[in-house]
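Only one structure is covered here, and it is reproduced in the block below.
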Amino acid sequence: MSTTTTASPTEAKLWGGGKSPFSVEYGKVMMWYFLMSDAFTFGAFLISYGTVRFSTNGWPDPNLVFRSFPFAPEGINAPLVFVSVMTFILIVSSVTMVLAVHAGHNMDKKGVVRNMIWTIIGGIAFLSCQAWEWNHLFHEGAWWGRNPFINADGTASSSNFTNFFFTITGFHGFHVFSGVLINIIMLIMTLTNQFEKRGHYNMIEKAGLYWHFVDLVWVFVFTCFYLL
Amino acid sequence: MSHTNDTHAAQDGGAIAEIKKVTIILSVLTIVELILGFWMIGMESKALVLGVKGTIVILMMAKAFYIVAYFMHLKHEVKNLIMTIVVPLSLFFWFIVAFLADGNSFRNLRNTYNPYYKEQSTIKVVQPAHGEAHGGGEHEAGKGAGAAAHTDSAAHHTDSTKKQEAKNEETKH
């Protein structure tokens, strides 16, 4: 017992009980730990993609694969354009989510509702873009197990490229989809005054953490598949 | 920012200003990444490509930092909480280095000891579907030509890919 009494006073205060040492609520800490584990899942996917790419002599050139744009003529050569639109949609929806959380802090129900609606619209827009891109690639012959794109050096490619692309963007897209569902539930709870009754908008913060994580993962997926 | 008596309003303005600042930083970083990406198209020098890719990875890490620190508010949390999240994630340093080095080593070993693999990965094939279909602008015609080119190129594939293709054909029907 003598060791605890000799410990520094601030330490004793922080962990001495009667006070939350992390000064956040339980649900938020658990959301952080869930996101940490999810980061390892995505990390495992992306690292295995990198490992396979490093162990192969040739790899398709993303600028030749992802170069189409919706409503554009079939022969268009616009690499990176569509994916930058998708990236900006997700960044903007992340910003509106921050604004919703901020409005929640001020108990501003109107602000929360407005920004949640914008966030949901952004999420749906992103999913639509991804659906279009998948559909387009599918019609070009790309899918799990088949890859119509040859390597950048002109040699025959394997289906590793498409397998990783569809698996990882699919897993990310599923996260976006569940994020949109969570945001819709949060919007309904806001509209039915559940948070007003509780006296705080902490649930919006937790949904916000998840939504930002989805944006964060896209930063990595976007870089690994379209830029590198 | 003027120091008003209403501290609540002052905090409010500060938070909004921070959100604006981070939004601008993220947009600028993304635009720089895209400019580098465009610049890389058709770049000849292997060393320069590697340098640009390294820069893009650094910019990516910067973006990740700004999202986690400011949008996810981690920077303003208690230090102990930050540590319980960031310290386990530092395992990624090891994962990335170990696995990428392993992949690279596997490629070197195959190129050294598996002449068949090496030969297969130097045979040039005809670009199927994609280039033709897009150059021609006629989707249907391009698709047909692409399918033909696809079977042609299959002849150059290794046995395992041939089997793969056969399997795909089966699943298609």
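Some points to look at:
- Scanning segment B:14-64 for residues that are in contact with a Pro (Cβ under 9 Å, 6 or more places away or on another chain) and either under 20 Å from residue B:76 (Cβ atoms) or not in a helix (DSSP H, G or I) (or both) returns a single hit, B:41.
- One residue alone among A:90, A:64, A:127, A:137 is within 27 Å of residue B:36 (Cα to Cα), in a helix (DSSP H, G or I) and in contact with a strand residue (DSSP E or B) (Cβ under 9 Å, 6 or more places away or on another chain), and that residue is A:137.
- Test: residue A:97 is within 30 Å of residue B:15 (Cβ to Cβ), surrounded by 17 or more Cβ atoms within 10 Å (Cβ to Cβ) and away from chain B (no Cβ under 12 Å): no
- The lone criterion from (1) surrounded by fewer than 22 Cβ atoms within 10 Å (Cβ to Cβ); (2) in contact with a helix residue (DSSP H, G or I) (Cβ under 8 Å, 6 or more places away or on another chain); (3) within 29 Å of residue B:124 (Cα to Cα); (4) more than 8 Å from chain B (Cβ to nearest Cβ) left unmet by residue A:85 is number (3).
- Look at segment B:62-85: where a residue is more than 10 Å from chain A (Cβ to nearest Cβ) and a partner is assigned to a helix (DSSP H, G or I) and surrounded by fewer than 14 Cβ atoms within 10 Å (Cβ to Cβ), sitting 6+ places away or on another chain with Cβ atoms under 7 Å, you get B:69/B:75.
- Test: residue in segment A:206-221 that is more than 14 Å from chain B (Cβ to nearest Cβ) and touching a residue at least 60 places away in the same chain (Cβ under 8 Å): no
Throughout, read-outs are computed from the coordinates displayed, never taken from laboratory work. No experiment lies behind these values; they were computed from the predicted model shown. FYI the Cβ positions are ideal-geometry reconstructions off the backbone, even for glycines, and counts take in every protein chain you see.
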